[in-house]
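Each remark here refers to the structure printed beneath this line.
Readers should treat all values here as calculations from the given coordinates under stated rules, not as data from a laboratory. Owing to the predicted nature of the structure, the values given are computational and were not obtained by experimental measurement. Positions of Cβ are generated from backbone atoms using ideal geometry, with glycine treated the same way; all protein chains shown enter the neighbour counts.
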Amino acid sequence: MTDWDSFHDVFAEVLGFPGYYGRNMDAWIDCVTHADNVEAGMIAPGLIAAPGDVLTLQMKGVADFAERCPEQYEALIECSAFVNWRRVDRGQRPIIALSFFKQ
């Protein structure tokens, strides 16, 4: 990832966001919020979190990513936290976890 376009390209491809994905962080939040709801069609069916599980995003080379794309790095952390807050506020379980590897 090198910029916003590539950030959204990668997440849309890896998580299987729908074709109408809005390619902004509000749309990212909406898709990830439904990571345990196959009927919503926001995440690829093979990645849907089972009841009680979370979707764990593992990123390698995160130190390089944070240096290269600090805005996207911060947005990923903040928006992941917002997804979990939103779900808890609605009486649901948190759904996303981040797992970062420096290299």
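Descriptive notes on the structure:
- Tail fraction, Cα-Cα pairs, the chain, threshold 17 Å, whole percent: 51 percent
- Difference of contour (0.36 nm per residue) and Cα-Cα distance, Trp85 to Ala40: 14.3 nm
- Taking other residues whose beta carbon is less than 14 angstrom from the beta carbon of Tyr20, and scoring Lys, Arg as +1 and Asp, Glu as -1, yields -1.
- Loop-located chymotrypsin sites (Phe, Trp or Tyr not before Pro) in the range 10-45, at most 11 other Cβ atoms within 10 Å (DSSP): Tyr20
- For Ala97, the residues whose modelled amide H falls within less than 5 Å of its own, excluding neighbours fewer than 5 places apart on the same chain, are Leu55, Thr56, Leu57.
- Sites Arg68 and Ala97, calculated FRET efficiency, Cβ-Cβ separation with R0 22 Å, nearest 0.05: 0.45
- Estimated 222 nm signal from helices in the chain, with DSSP H stretches of n ≥ 4 weighted -39500 (n - 2.57), rounded to 500: -14500 deg cm²/dmol
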